[in-house]
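Chemist: Dropping the structure in here first, questions after.
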Amino acid sequence: MAGNEVHNKIDPIQFEVVRSALTQVTEEMAAALRRSAYSTNVKTRQDFSCAFFDRNCKPISQAFTQPVHLGSFVELIPTSVEAYGAENLQPGDMLVVNNPFGGGSHLNDVTVFGPVHHQNELIGYVASLAHHVDVGGGAPASIGPFQEIFQEGVIITPVKLVKQGEINEDIFKLLLAQIRSKRVTAGDFRAQIAANTVGSRRLSEIVRKYGLNEFDRYVTAVIDYTDRRTRAEISDIPDGIYKSESFLDFDGFTENTVTLKTKITVDGETVYFDFDGCDPQRRAPVNSTKAMTFSACAYALRALMAPDLPVNDGFYRHVRMNAKPGTVVHALHPAPVVGGWETQVRVNDMLFRAFAPGMPQKIASSTKAMMAQAGFGIIDQVTGEYHCNYEALAGGYGARETSDGPDAVQQHGQNTENAPVEEVESHFPMRVSQLSLIEDSEGPGKFRGGLGMRRDYHFPDDAATFTVLSDRDLEGPKGIFGGMGGRKAYYILNPDDPERTKTELSSKCVIELKPGDTVSFQTPGGGGYGSPLERDPERVLVDVTLGKINFKRARECYGVIIDNLTNDVDKTATKNLREPVSYTHLRAHETRHDLVCRLLLE
């Protein structure tokens, strides 16, 4: 039957009911996973994703807990089903997989998925992906900087974890034997199984209500609807070639930065992402898998579209990408990939900067653009349990055309929450001795970037192993359209203890801590948008009043004079400072804002 004939018989009300029901299936899966998980990273920070695929492994609906995972699902499920064989899966079976070179990301992101049947006929597949706090390897939390994938943890090709509704204990024991935090990890695995069970049950209910043929018809209609809307959205992006370059400051082993390049071609209803020119893959933990890079492209394109556009195969078929195998954006075995998300989010930032000239009203300035991962392992001296904790820290978001960047939030597809101090301290024998915004860390601009965040981990009584897997060693996020860059990141051992040596750490390291040691993790601020000299002085005053910037920064970066006695803007002095600067005093390659800052400092 022709496509138009199918859609002529689609009832619009029932279409919306089915479309919403499919989305609700994955959202309910997400709720079940979060409620039943053990680790703070899953149950509180929501570092997981859920999805439903049809019998041909096309993505149909996804829960939007972690957009960064979505592209991984799109490649991982079809690849895994093909490798294992759909004919080898029975009702109630579930596979577990984390293979980075089979459509996955880094090893911590473990997917559990299985088929859904109705009257012994395959409907599709439900899948849940969770970042586990430990999957073995050379360092607790499994995010240590190493030079081969084998050092990063247990590699799981598709294997049957659940057989006809029952956990395969032999496989489960084998997996847990590789892992430090066995109790928590076992709980998170069971939560993923529970989420899939919920999804399978809800899908079966929908099929029973409408019948399999009607269900398939409306699923096809949802995909076709998304396809048409995606084409229309792409046509609104100005045609042209958009280019940008970026880099990672440190690969973990050499002093060479990691070069990233992109060329995006928009032509009518086609968007093509080309990463020719990116560095070859490194023997260092900065390699992104193909699926990770695809996620960056998918997210960047989706973010430019209407917020109510569904995300399914009708959208993904329009994400076209060239990432040369053997490069840092398409790593091949046995490259280490644990820090591939650091590269992925920098790619995301680079893609938005490429689009900025053609879509300035939609593009924010640079964000922290790094996962900012911290992990530690510690043995509880009372219980003897080996604890692992993992979190990715928030930073400053980039400013936009009409508003400041939010302070201390996650960016782009990274949608996790900040781990509550009370929860972390109640689970582990350590303390979060400081959690604060970082004054003067914003990127100045007409609209300023968000502030970075400082989080200090203090271990008063026990030794611990601490891992930093992050970036921004050299410089902070860049500003845009005349905006200035944000403060760079800092990682410091014992920053405030006069009896201990203060040591600046690299962004990718594993250190052994003694009792009483503290690690301070300080994330960057977001880039500014537009010239800081155009910022409303009253907004500068508010920032000073709230302690986000100080008097000196208000004067030197924004040209705003605040009277110390009245705590109000000295409008006359500010006007005199900002307005009379003559362009004839400009030095070569110096902007008017640079001139003002130079004269202030002189």
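The values are calculated or read from the model by the stated rules, or taken from the named source; none is laboratory data. As the structure is a computational prediction, the values presented were derived from the model and not from experiment. Note that each Cβ is placed from the backbone with ideal geometry, even for glycine, and that neighbours are counted across all protein chains shown. In case anyone asks, the SASA skips ligands and DNA or RNA and just uses the protein heavy atoms, side chains included. Shrake-Rupley method; radii C 1.70, N 1.55, O 1.52, S 1.80 Å.
Chemist: Residue by residue through segment 508-550, note down the ones that are assigned to a strand (DSSP E or B) and of a type in the set (Ser, Thr, Tyr).
Modeler: THR518, SER520, TYR529
Chemist: Open to solvent by 20 Å² or more (accessible area, probe 1.4 Å) and part of a loop (DSSP other than H, G, I, E, B), is that true of PHE101? Show your work before the answer.
Modeler: Details: open to solvent by 20 Å² or more (accessible area, probe 1.4 Å): yes; part of a loop (DSSP other than H, G, I, E, B): no.
Against the criterion (open to solvent by 20 Å² or more (accessible area, probe 1.4 Å) and part of a loop (DSSP other than H, G, I, E, B)), PHE101 does not qualify.
Chemist: Among the residues of segment 86-94, is there at least one that is in contact with a helix residue (DSSP H, G or I) (Cβ under 7 Å, 6 or more places away or on another chain) and open to solvent by less than 10 Å² (accessible area, probe 1.4 Å)? Quick ask: steps written out before the conclusion?
Modeler: Residues of segment 86-94 in contact with a helix residue (DSSP H, G or I) (Cβ under 7 Å, 6 or more places away or on another chain): 94.
Now drop any that are not open to solvent by less than 10 Å² (accessible area, probe 1.4 Å), which leaves none.
No, because not a single residue in segment 86-94 is in contact with a helix residue (DSSP H, G or I) (Cβ under 7 Å, 6 or more places away or on another chain) and open to solvent by less than 10 Å² (accessible area, probe 1.4 Å).
Chemist: Would you tally the residues in segment 423-444 being among the charged types (D, E, K, R), out of contact with any strand residue (DSSP E or B) (no Cβ under 9 Å at 6 or more places or on another chain) and exposed (fewer than 15 other Cβ atoms within 10 Å of the Cβ)?
Modeler: Of segment 423-444, the ones among the charged types (D, E, K, R) are 423, 425, 431, 439-440, 442.
Then drop every residue that is not out of contact with any strand residue (DSSP E or B) (no Cβ under 9 Å at 6 or more places or on another chain), which leaves 423, 439-440, 442.
Those left that are additionally exposed (fewer than 15 other Cβ atoms within 10 Å of the Cβ): 423.
Of the residues in segment 423-444, 1 are among the charged types (D, E, K, R), out of contact with any strand residue (DSSP E or B) (no Cβ under 9 Å at 6 or more places or on another chain) and exposed (fewer than 15 other Cβ atoms within 10 Å of the Cβ).
Chemist: Now for a different question. Name the single residue that is surrounded by the fewest Cβ atoms within 10 Å (Cβ to Cβ) among those in segment 284-305 being touching an Asp or Glu at 6+ places or on another chain (Cβ under 6 Å) and under 22 Å from LEU469 (Cβ atoms).
Modeler: Just the residues of segment 284-305 that are touching an Asp or Glu at 6+ places or on another chain (Cβ under 6 Å), to begin with: 284, 286, 291, 305.
Now narrow it down to the ones that are under 22 Å from LEU469 (Cβ atoms): 284, 286, 291.
Details: ALA284: 22, VAL286: 29, ALA291: 26.
Looking at residues that are touching an Asp or Glu at 6+ places or on another chain (Cβ under 6 Å) and under 22 Å from LEU469 (Cβ atoms), I get ALA284.
Chemist: Show the residue pairs meeting these rules: Cβ distance below 7 Å; 6+ apart or different chains; first residue within segment 141-152 and at pLDDT 95 or above; second residue aromatic (Phe, Trp, Tyr).
Modeler: Once the first residue is at pLDDT 95 or above and sits in segment 141-152, its partners that are aromatic (Phe, Trp, Tyr) give ALA141/PHE376; ALA141/TYR390; ILE143/TYR390; GLN147/PHE253; GLU152/PHE146.
Chemist: Would you be able to say whether some residue in segment 40-48 is acidic (Asp, Glu) and in contact with a helix residue (DSSP H, G or I) (Cβ under 9 Å, 6 or more places away or on another chain)? Break it down stepwise before answering.
Modeler: Within segment 40-48, the first condition is being acidic (Asp, Glu), and the residues that meet it are 47.
Cutting the leftovers down to in contact with a helix residue (DSSP H, G or I) (Cβ under 9 Å, 6 or more places away or on another chain) gives us 47.
Looking for residues that are acidic (Asp, Glu) and in contact with a helix residue (DSSP H, G or I) (Cβ under 9 Å, 6 or more places away or on another chain), one finds at least one in segment 40-48, hence yes.
Chemist: Hey, another quick one. Going by the structure shown, is ILE155 hydrophobic (A, V, I, L, M, F, W, C), modelled with pLDDT of 95 or more, in a loop (DSSP other than H, G, I, E, B) and open to solvent by 40 Å² or more (accessible area, probe 1.4 Å)? Before the answer, list the steps.
Modeler: Details: hydrophobic (A, V, I, L, M, F, W, C): yes; modelled with pLDDT of 95 or more: yes; in a loop (DSSP other than H, G, I, E, B): yes; open to solvent by 40 Å² or more (accessible area, probe 1.4 Å): yes.
Yes: the conditions hold for ILE155.
Chemist: Counting only residues that are open to solvent by less than 10 Å² (accessible area, probe 1.4 Å) and in contact with a strand residue (DSSP E or B) (Cβ under 9 Å, 6 or more places away or on another chain), how many does segment 11-34 have?
Modeler: As a first pass, look at segment 11-34 and keep what is open to solvent by less than 10 Å² (accessible area, probe 1.4 Å): 18, 22, 25-26, 29-30, 33.
Subset that is in contact with a strand residue (DSSP E or B) (Cβ under 9 Å, 6 or more places away or on another chain): 22, 25-26, 29-30, 33.
Of the residues in segment 11-34, 6 are open to solvent by less than 10 Å² (accessible area, probe 1.4 Å) and in contact with a strand residue (DSSP E or B) (Cβ under 9 Å, 6 or more places away or on another chain).
Conditions tested, residue by residue: (1) touching a residue at least 12 places away in the same chain (Cβ under 8 Å); (2) over 19 Å from GLY485 (Cα atoms); (3) part of a loop (DSSP other than H, G, I, E, B); (4) among the polar types (S, T, N, Q).
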{"position": "LYS324", "(1), (2), (3), (4)": "yes, yes, yes, no"}
{"position": "VAL337", "(1), (2), (3), (4)": "yes, yes, yes, no"}
{"position": "THR343", "(1), (2), (3), (4)": "yes, yes, no, yes"}
{"position": "PHE352", "(1), (2), (3), (4)": "yes, no, no, no"}
{"position": "PRO357", "(1), (2), (3), (4)": "yes, no, yes, no"}
{"position": "ILE363", "(1), (2), (3), (4)": "yes, no, yes, no"}
{"position": "ALA369", "(1), (2), (3), (4)": "yes, no, yes, no"}
{"position": "GLY377", "(1), (2), (3), (4)": "yes, yes, no, no"}
{"position": "HIS387", "(1), (2), (3), (4)": "yes, yes, no, no"}
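Chemist: List the number of the failed condition for ALA83; all other conditions in (1) farther than 23 Å from ASN120 by Cβ; (2) of a type in the set (A, V, I, L, M, F, W, C); (3) open to solvent by less than 50 Å² (accessible area, probe 1.4 Å); (4) in contact (Cβ under 8 Å) with a residue 24 or more places away in the chain hold.
Modeler: Result: ALA83 fails condition (3) only.
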